[in-house]
1. Tell me the per residue accessible area of the range 36-88 using a 1.4 Å probe; a whole number in Å² is fine.
2. Subtract the Cα-Cα distance of Lys10 and Asn59 from 0.36 nm times their separation in residues, and report this length gain in nm to one decimal.
3. Count charges around Arg58 for me, please; just the other residues with Cβ under 12 Å from its Cβ, Lys/Arg as +1, Asp/Glu as -1.
4. To the nearest 0.05, what FRET efficiency results for Gln46 and Asn81 with a Förster distance of 22 Å applied to their C-beta separation?
5. Using a cut-off of 12 Å between beta-carbons, work out the net charge of the residues near Asp74 (Lys and Arg +1, Asp and Glu -1, Asp74 not included).
6. At a 1.4 Å probe, what is the % contribution of carbon and sulfur to the accessible area of the range 3-73?
Amino acid sequence: MKNERYDFYKRNHPEWSDEQIWTAISLDMQAENVVEKGGEDIDLEQPDVVEKILVGARNWLSTALPQIFQKVKDLFNNLINTIASWVQKGLSYVVDLIGTILGR
């Protein structure tokens, strides 16, 4: 099965594991969903918006890819529990963490 998002991340981050790539994909998809539902004036730097994205990504991974989720669930729980301390850095900070925290 061909997945354009997977291929994009694999091409741009060849050193990333499947866990890292699928975590990034889940965040991408949920950010897109939240923005579509929130309209044009949504602020991706608001803690409640970031929390919706993280919770949605966590839920998607736990359902669609439970074996991947088991490896990254602590990352999601930590991010959700500490949103206030890092949210001003934005979602790009979370994607950067994927490479750092989940790095092998």
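The values are calculated or read from the model by the stated rules, or taken from the named source; none is laboratory data. Just so it is clear, the model here is predicted, and its values are computed rather than measured. Here Cβ is always computed from backbone atoms with ideal geometry, including for glycine, and neighbour counts include all displayed protein chains. Just the protein is used for accessible areas: all its heavy atoms, side chains included, with ligands, DNA and RNA removed. Shrake-Rupley method; radii C 1.70, N 1.55, O 1.52, S 1.80 Å.
1. That works out to 61 Å² per residue.
2. 15.4 nm
3. So the environment of Arg58 carries a net charge of 0.
4. With a Förster radius of 22 Å, E is 0.80.
5. Net charge around Asp74: +2.
6. Looking at the range 3-73 in its full context, I get 48 percent from C and S.
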